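J.: A single structure is presented below for examination.
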Amino acid sequence: MAAFWTLLGLAGIAALADWWAVANDDHPLEYVAKPLVLAALVAAVALMPASNVVDPARRWWFLAALACCLAGDVLLMLPRDLFVPGLASFLAGHVLFVVGFLDPGAPQVRSAAGIAIAAAVVVAAGAYPVYRIVRAIAAAGDRLLIGPVMVYVAAIATMAAIAWNVSRPLAAAGATAFLVSDTLLATDRFVRPLRQGTLVVHATYHVAQVLLVLSLVGTHAG
């Protein structure tokens with residue numbers, strides 16, 4: 001596990017560099033640091049010994065999900081408007097996270113009732129922010145974007161609801177942070193600019209990914 005912890009530390013250093021770059025409008029540094037965070041996490045998950053993983057099958061689904069998120073990071077970072085391709089990459093990532101959580105060989109979700117309750121909480125908490133985001137998109141004349149955004153909302157809400165029911169607290173915390181990050185990103189982009197919005201989005205996103213990766217670690221990992 002030495003390589004795993006080293007790469008996780010590298011991801012943390014890269015995340016701090018990215019946050020500093022965002023806060024100081026240092027775009028060259030951001031272009032290096034932002035993808036380096038996910039690249040380090042992808043490598044960390046790939047190099048985890050099977051004996052230290054809570055479930056080997058889930059590890060590979062998460063690895064694919066993180067790779068999709070890395071692609072989404074790059075697409076959204078570029079100076080061109082690649083929001084839809086970036087959204088598609090993250091959508092694929094959430095689907096892969098869901099498959100990983102539901103993998104038959106992995107620790108199973110507690111119950112269908114638990115998922116239903118968690119989904120109800122997600123819907124109740126997210127209904128108003130999503131309404132504001134959709135209304136803002138429509139007001140801007142981008143109605144064709146509403147469909148893809150709603151599909152993405154459904155995917156991340158499903159991921160969060162399932163993550164809260166897999167008996168892995170770090171997975172639940174990571175999914176929650178991811179949900180918060182994406183809500184802030186959409187609000188900042190479509191509804192109104194948030195104070196230090198990009199910095200907060202990056203910070204919550206990186207925390208989310210690190211927590212999801214740590215949720216793979218077995219209790220006896222050293």
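What follows is calculated from the coordinates using simple rules that are stated; it is not laboratory data. Please read these numbers as outputs of a predicted model, since none were measured by experiment. Because the Cβ atoms are built from the backbone with ideal geometry, glycine has one as well, and the counts that use them run over all protein chains shown.
J.: Contour minus end-to-end for Arg132 and Trp20, with contour as 0.36 nm per residue of separation and end-to-end as the Cα-Cα distance?
T.: Length gained between Arg132 and Trp20: 37.3 nm.
J.: Okay, next question. Rounded to whole Å, give me the distance from the Cα center of the range 1-24 to that of the range 65-98.
T.: 20
J.: Only counting other Cβ atoms within 10 Å, I'd like Met48, Met150 sorted with the fewest neighbours first.
T.: Met150, Met48
J.: So for the pair Ala46, Leu78, with labels modelled 7 Å out along Cα→Cβ, what separation do we get in nm?
T.: 2.2
J.: What residues qualify as long-range amide H neighbours of Val217, i.e. H under 5 Å apart, gap of 5 or more or another chain, H built at 1.01 Å from N?
T.: Residues meeting the amide H criterion: Val54.
J.: Remind me, relative contact order of the range 68-192 in percent, using alpha carbon pairs under 8 angstrom and six or more residues apart?
T.: The value is 29 percent.
J.: Need the full-extension length gain, Gln196 to Ala3, defined as separation in residues times 0.36 nm minus the C-alpha distance. One decimal, nm.
T.: Gain in length upon complete extension: 66.1 nm.
J.: While we're looking at this one, here's another question. Modelled label-to-label distance, Ile146 and Leu102, 7 Å Cα→beta-carbon offset: nm?
T.: 2.8
J.: How do 13-20, 160-167, 201-208 rank on mean C-beta neighbours within 10 Å, highest first?
T.: Packing order, densest peptide first, comes out as 160-167, 201-208, 13-20.
J.: Below 8 Å between Cα atoms, with a sequence gap of 6+, how large is the relative contact order for the range 14-143 in percent?
T.: With pairs under 8 Å counted, the relative contact order is 19 percent.
J.: Additional query: With each run of n ≥ 4 DSSP H residues scored as -39500 (n - 2.57), what mean residue ellipticity at 222 nm is computed for the chain after dividing by its residue count and rounding to the nearest 500 deg cm²/dmol?
T.: That calculation yields -26000 deg cm²/dmol at 222 nm.
J.: Would you mind working out the magnitude of the charge dipole of the range 2-214 relative to its Cα centre, with +1 at each Lys and Arg C-beta and -1 at each Asp and Glu C-beta, to the nearest 20 Debye?
T.: For the range 2-214, the charge dipole is close to 460 debye.
J.: A further question on this structure: Highest mean first, what order results for 118-125, 176-183, 54-61 on Cβ atoms within 10 Å?
T.: Details: 118-125: 15.4, 176-183: 20.9, 54-61: 18.8.
So the peptides 118-125, 176-183, 54-61, ranked by packing, come out 176-183, 54-61, 118-125.
J.: Could you work out the relative contact order of the chain, using alpha carbon pairs under 8 angstrom and six or more residues apart, expressed as a whole percent? Present the calculation step by step, with values, prior to reporting the outcome.
T.: Working: 298 pairs, mean separation 49.1, N = 222.
It rounds to 22 percent for the chain.
J.: If you take semi-axes √(5λ) of the Cα gyration tensor in Å from the coordinates, which of (1) 25, 21, 17; (2) 34, 19, 16; (3) 27, 23, 14 do you get?
T.: (3)
J.: Given the options Ala57, Leu16, Leu38, identify the residue whose Cα lies farthest towards the positive end of the charge dipole of the range 2-214 (+1 on Cβ of Lys, Arg; -1 on Cβ of Asp, Glu).
T.: Ala57
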